[in-house]
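Below is one structure, written out as C-alpha cells; comments come after it.
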C-alpha cells in the first residue's frame, strides 16, 4: 500500500480534493440516514408526546453539551429554545422533508466531485506512468531487451498499469468513502456511550488480522498470474509473427497446446487470486456479525444494570450495525487494491532498471566531427553478463579501420561478428579495453552524436506500419520529398514505389508486410542512403531473395558503400572479395586477417569457410 500511496504523491492536490469531497459525502450520507429516520418516525407518529420523547432522546444530552449550551447562551440562543423549536419541527414533517432533500443534494454533489476527481487521478496516474515506462524503455540498452521478452514488456506497460488504474479510479475512492463512513459512525458510537465504545479497540484486531493475511496472498497470486500472462503474450506474439513457418511445418496444434499450457498456469493462479478475493467478504461478514452480537450481549448487561436506557441502546446498536456494511465493502475494495499492489514490483523492476549505457558526465565532441578518420578497437573484451564465470563473446580484439575502408567480418555463426559491430554505436558497452573514433573514447561522446555517425542496414529489415516516405525519412525531421525520392532512386526502390496505390504515401503494414523481401531491403537501404552517415554497418541478407531482387539489392548496396567507411558482416563471396580487409573471427577472437588472395594461400579457417560456401553450404 505504501508504494501505491507514493505513486499518488505528485497528484496530492487533486487526491486531497477527492478525499475531502468523499468524506463530506459520507458525512451527509450519515446525516441523510438520520433525517429520513426522523421523518418516517414523524409520519408514523400521531402523538405529540411521543414526538416530545423523541426530541428528548435526540437532544437530551444536556450534561454532555453544557459547553455548547453556555456558548449559545452568550448569543442569546438558549439550547432549550432550540430543543422546543426542534420539537415543533418534528410535529411538522415538511421542514424535515426539505432538509432531507437539501442534504441528499449535498451528498450527491460531493459524491460526484469525489468520484470524478478520484477517477481523473487514476486515469492521469496511468497515462503518466505508462508514458514514463515507455520513455524509460526507449532509453534502455540492448541488454534490457535481451533480458526481457517483448510480450513481458508489453504486459507490464499495458495490463499491469491498467490494474493500477482500476485500483485508484474506483477502489481507492470506495475505500476512502467507506472509511469516512466508519469514522462518522464511530464518532456517533463514542458520543452515545464512550465506555461501551472502548470495547471496539479489543474487537478491531479481529478485523485487521485476516485483512493482512488475505492481502499478502492476493499480492502473491497477482504477481504470479501477471507473470504467466506476460509469458503467454510473448509466446503468442512469436507465433503470430512466425505464422507462415508455423503453418509451413504444420505446427498449429503443437503451438496451440503450448499456449494452452501457459494459459492454464495463468488460469491456475488467477483462480487462486479470485478464491482469496471471494472468501474475504464472507469472512469479514462473519467477523462483523461476531462484533455486533458481542455488542448486543455486552450492551444487554449494561441496560440491565441501568447504566443505559433501552432507547439509547437500540440507537447504539443501529449505529454499530451501520459500521458493519462499510467495513465489508472496504474489505472487498482492499482485495482489488492488493491486486494492483501485487503488480507494482513488476513496474518498479522496469523503472529502476540500471541502464549501463549512460550519457558521459563531461561529454566531448569528436575531433573533426562529422568526418571519421579512424575507428580503433584496443584489446576489447566483451561479455553479456556481469558474472566472472560468463564466457567472453569477444576477447582481445585489436583493430583499426581507416577512412573509406571496407572491412568484411567473416566467421561461423556465434563467432562474435554481430556483437562486434553492435559495440560501435554503444548498443552495448565494452567490458574491457577501449573503443575510439578519431582518438576519442566513444564513452566520452554524447550518445546522439555518436549514433549519428552510423548508418545501419540490418539482416532483419526493420520497417514500421507507416508510409513509404516516413519509413525512408525515419529519424530525419527535415527530409524533403525530393530528398526521399533521390534516396529511393539510388536504392533501386523508386520504380516499385511508383507502382504502389498511393506511391510514397502508401502505408506498408506492420513490419512492411505488404512488400516483398527485396522491396523491404531496398527501403532499408534507401533510409541509410538518406541518412548519409560517414560509417556504414551492414549485415548482408540476400540469401532469401530471387536472382533479380538480389541483383537490385546488391546494386543499391554498392551505391550505399561508395566513399564510406564500411563494416560488413559478409555472407556473399562477391562482397568479401571487394573488401580492403577481411577479418576472420572464431570464438570471439580475430584468428586471421588480410585480403582474399592472401588468406586463401594460408590454408586456414578462411579457406575452409570459402570452400564450404562454394560447395553450397552456408558457413559464413
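Worth pointing out:
- Footprinting exposure proxy ranking of 223, 551, fewest other C-beta atoms within 10 angstrom first, gives 551, 223.
- Note on residue 427 and residue 356: their simple-model spin labels are 1.6 nm apart, each label 7 Å out from Cα toward Cβ.
- Peptides 324-333, 353-362 ranked from most to least packed, by the mean per-residue count of other Cβ atoms within 10 Å: 324-333, 353-362.
- R0 of 35 Å, Cβ-Cβ distance residue 258-residue 478: FRET efficiency to nearest 0.05: 0.15
- Pairwise FRET efficiency - residue 597 versus residue 213, Cβ, R0 = 60 Å, nearest 0.05: 0.20
- Average Cα contact separation per residue, segment 400-461, under 8 Å, 6 or more apart, as relative contact order %: 21
- Debye-sum result for segment 335-480 in log10 I(q)/I(0), which assumes one identical scatterer on each alpha carbon, at q = 0.09, 0.13, 0.16 Å⁻¹: -0.42, -0.79, -1.06
- For segment 397-556: relative contact order, % (alpha-carbon pairs under 8 angstrom, 6 or more apart): 28
- Fully extended contour minus Cα-Cα distance, from residue 124 to residue 581, at 0.36 nm per residue: 158.9 nm
- Among 472-483, 121-132, sorting by the average number of other beta carbon atoms lying within 10 angstrom of each residue, highest first, gives 121-132, 472-483.
- Relative intensity, log₁₀ I(q)/I(0), of segment 388-450 from a Debye sum that treats every alpha carbon as a point, q = 0.14, 0.15, 0.26 Å⁻¹: -0.47, -0.54, -1.41
- Taking every C-alpha pair closer than 8 Å and separated by at least 6 residues, the mean separation divided by the residue count of segment 264-353 gives a relative contact order of 41 percent.
- Rg(Cα) / (2.2 N^0.38 Å) computed for segment 159-295, rounded to two decimals: 1.62
- Diffusion coefficient, µm² s⁻¹, Stokes-Einstein with Kirkwood Rh over alpha-carbon pairs of segment 280-374 at 10 °C and 1.306 mPa s: 82
- The residues 507, 139, 565, when put in order of fewest to most other Cβ atoms within 10 Å, stand as 139, 507, 565.
- Highest-first packing order for the peptide set 151-162, 98-109 is 151-162, 98-109, based on the mean count of other beta carbon atoms within 10 Å.
- Net length available on complete extension from residue 612 to residue 13 is 208.6 nm, with 0.36 nm assigned per residue and the Cα-Cα distance removed.
- Alpha-carbon centroid distance for the pair segment 91-161 / segment 480-497, whole angstrom: 47
Only the coordinates and a few stated rules stand behind these numbers; no lab work does. All figures in this text were calculated on a predicted structure; none of them were measured in a lab. Every residue, glycine among them, receives a Cβ derived from its backbone with ideal geometry; neighbour counts consider all protein chains shown.
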